[in-house]
1. Exactly one of these conditions fails for Q257: (1) touching a helix residue (DSSP H, G or I) at 6+ places or on another chain (Cβ under 9 Å); (2) surrounded by fewer than 23 Cβ atoms within 10 Å (Cβ to Cβ); (3) under 24 Å from T397 (Cβ atoms). Give me its number.
2. Would you be able to say whether some residue in the stretch 157-164 is on the phi < 0 side of the Ramachandran plot, surrounded by 24 or more Cβ atoms within 10 Å (Cβ to Cβ), outside any loop (DSSP other than H, G, I, E, B) and touching a helix residue (DSSP H, G or I) at 6+ places or on another chain (Cβ under 9 Å)?
3. Give the residue that is farthest from the chain's Cα centre (by Cα), with candidates limited to residues of the stretch 76-87 that are part of a loop (DSSP other than H, G, I, E, B) and either under 15 Å from F116 (Cβ atoms) or acidic (D, E) (or both).
4. Which residue out of K76, K95 is of a type outside the set (G, A, S) and open to solvent by 30 Å² or more (accessible area, probe 1.4 Å)?
5. Exactly one condition in (1) open to solvent by less than 20 Å² (accessible area, probe 1.4 Å); (2) touching a residue at least 60 places away in the same chain (Cβ under 8 Å); (3) in contact with a Lys or Arg (Cβ under 7 Å, 6 or more places away or on another chain) is not met by A281; state its number.
6. Being outside any helix (DSSP H, G or I), of a type in the set (S, T, N, Q), open to solvent by 20 Å² or more (accessible area, probe 1.4 Å) and out of contact with any Ser or Thr (no Cβ under 7 Å at 6 or more places or on another chain) narrows it down to one residue among T483, T496; which is it?
7. When the stretch 210-222 is examined, which residues are found to be in contact with a helix residue (DSSP H, G or I) (Cβ under 8 Å, 6 or more places away or on another chain) and either part of a loop (DSSP other than H, G, I, E, B) or surrounded by 24 or more Cβ atoms within 10 Å (Cβ to Cβ) (or both)?
8. Run down T122, T129 and say which single residue is surrounded by fewer than 20 Cβ atoms within 10 Å (Cβ to Cβ) and β-branched (V, I, T).
Amino acid sequence: MAPLAMMRASRALFACLLVLFCAVSVSPAVIGIDYGGENLMLALVQPGRTPISCALNEMGKRKSQTTVAFVNGERKLGEEGAALVGRYPKKVFSKMRETLGRPYDESLKAVFDDAFLSYDMTLDEERGTAVIENDDGKKFSSEEMVAHVLHYAKTVGELNAKGPVVDAVICVPPFFGLQQKAALTHSAELAGLNILGMITEPTAAGIQYGIDRDFTNGTSHVIVYDMGATSTYAALLKYDTYKGKDSGKSKPVNQFQVLNVKWDASLGGQSFEKVLLDHFAQEFNGKLKGEDVRSVPKAMAKLKKEVKKTKEILSANKEAPCNVESLHNDMDFRSKISRAEFEAMTAPLFERAMKPLTDVLEAEGLEVKDVDAFEFIGGSTRIPKIKSMFGDFIGRTVDLHLDSDEAILFGAGYKAANLSTIFRMRPFGANDIMPYSVNIKLEGASLDDASDGEEVELIPAFSNVPLKKTLTLPPTTNNLTLTLSYGGDMLPPGITDKYITTYYISGTEKALAKYENGKYNETSFSKVSIKFAMGKDGLLVLNKAEAKVETVEYVPIKPKVKVNATETVSNSTESAADETTSETSDGNSEGGSTAEGSDEATKEESEPEEVVAEEANEESTDGAESSSVPESDAGDDATDEPK
């Protein structure tokens, strides 16, 4: 079967996955958002239509550019904004996703300088992040700029759904850290979206790859290689089955997990375009008298647009033109380049492109023969040299069963439908991953084998998400300070400080005093528990901190009285259990045999006393008390936790 026919068949099978729509009075819709480095795509899930479909923008296109333009007091989004870049290059903003959750420093400036984007960006002195200024002098934070893009996504979703759209799942790159995810969540809230969950791109692609396949015959290892506009990664996925139930009967259910992922966060299609851009700019400079066209934003905006077309033509032809009318100073530019020349000047980029794949194989101790499929997705994998180079490496043609542009999109749509309460989905085991390890430093008490103030690992790298982690501490009345930081040497792109956040826990002494001043003879802490959770949104929070108090109460017992030589009766006394009013941790009171003429000691453990957990986070918006994270229940989701 031809690759195009296989992709159509895969899409048709995917469209049949929703088996039941709940009966509701309205037709609510959910969306999956593939928010890429350059383009935006939406999957719409709504009763009464093709279950998971690609939403078209106002121009009837499946893709929309992630641009925000402020021109003459008006805001233009998507394709409408992108159309103005040639005339107003400093007023049409792109690559805003790159500014999320990272400091405004030289590395961030380099991201925009390398793309010849000369925006009015300054430093937010209080937060240390980027601030973008429009032509009216109004300033926007990174989160607000991304919120404009997500608001456009919401608008496109409502245009297709012909009704309100609130719930969404957003795809993020595998290298996004906790700060980036938190900033993206805030942007979504500003845009009026309710984030049902976040899903990493390799997990979304893995859902579409495995949802219509059968793995009952054994385990299958698959590598998904994705080169998009701004980044590249290779992810190793493991597929197998577990025993599930359907209508009370045992049934094998497909599942997969991401074992590892390696990436190059700065290598993508735009990297190849920049090489061409430099080449043609230098060629045009030969016609100028001492002037560098690369310092002229309008000229570079025109040339960038044409260079993108040139690169795309080279993917199907051995030679491509590059022609721009009135590029600068009323001078036209006309040139051409061969595919061989293009491949020669971009040779270092092809070497970098191979590294994520070789790194993930090495990390897992696998060889090419151990991998059952090498699936290539992403628009930049259409470059012929990419396919031939990797084909030579694996000794056969690379696999192209998935749609290069929409594999991630439909995986996000499936996840959105699954997390909503409207649809019932085919069971399929899939969990996301947390690629970074997180360490914790506890001050005020010791933790396991670590002494006070010593850092230990809280979450290992590549842990499955959602997850929960409970720390049990020795009895203490001290106020506690918990500092979270990234472990190991791997940090999210643009993040130079391992520090994540700090929590302060107080109220343990007050919890103990509540029982000391009562009727109990002895009170003491039995333990202090600190509960962390990472939900489907990928955010790590301190969910709850609680102290358990152990109480002892002495209850007087009257001595037994002899009636005759063969019979004894007990005076009417209240039992120890009746005297005890404090509940134990499981709601039961304990009694026991009594000794004559002595008091009975009733030992109990109170219900956990919740103590105050405050986060020392400059970007926290929900006050001092930590927010609650729903507990995960794999059995309630179609994408269950792998067994």
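1. Result: Q257 passes all but (3).
2. No, the stretch 157-164 contains no residue that is on the phi < 0 side of the Ramachandran plot, surrounded by 24 or more Cβ atoms within 10 Å (Cβ to Cβ), outside any loop (DSSP other than H, G, I, E, B) and touching a helix residue (DSSP H, G or I) at 6+ places or on another chain (Cβ under 9 Å).
3. Let us first name the residues in the stretch 76-87 that are part of a loop (DSSP other than H, G, I, E, B), namely 83-87.
Remaining after also requiring either under 15 Å from F116 (Cβ atoms) or acidic (D, E) (or both): 85-86.
On the way: V85: 30, G86: 34 Å.
Filtering the stretch 76-87 for residues that are part of a loop (DSSP other than H, G, I, E, B) and either under 15 Å from F116 (Cβ atoms) or acidic (D, E) (or both), the one farthest from the chain's Cα centre (by Cα) comes out as G86.
4. Working: K95 fails: open to solvent by 30 Å² or more (accessible area, probe 1.4 Å).
Within the list K76, K95, the selection yields K76.
5. (2)
6. On the way: T483 fails: out of contact with any Ser or Thr (no Cβ under 7 Å at 6 or more places or on another chain).
Answer to the check: T496.
7. Initially, the stretch 210-222 is screened for residues in contact with a helix residue (DSSP H, G or I) (Cβ under 8 Å, 6 or more places away or on another chain), giving 211-212, 221-222.
Hits for the stretch 210-222 are I211, D212.
8. Details: T129 fails: surrounded by fewer than 20 Cβ atoms within 10 Å (Cβ to Cβ).
Being surrounded by fewer than 20 Cβ atoms within 10 Å (Cβ to Cβ) and β-branched (V, I, T) holds for just one of T122, T129, which is T122.
The values are calculated or read from the model by the stated rules, or taken from the named source; none is laboratory data. Not measured: the values here are computed from a predicted model. Ideal geometry is used to build each Cβ from the backbone, glycine not excepted, and the neighbour counts take in all protein chains shown. Protein only, heavy atoms only, side chains kept; ligands, DNA and RNA dropped before computing areas. Shrake-Rupley method; radii C 1.70, N 1.55, O 1.52, S 1.80 Å.
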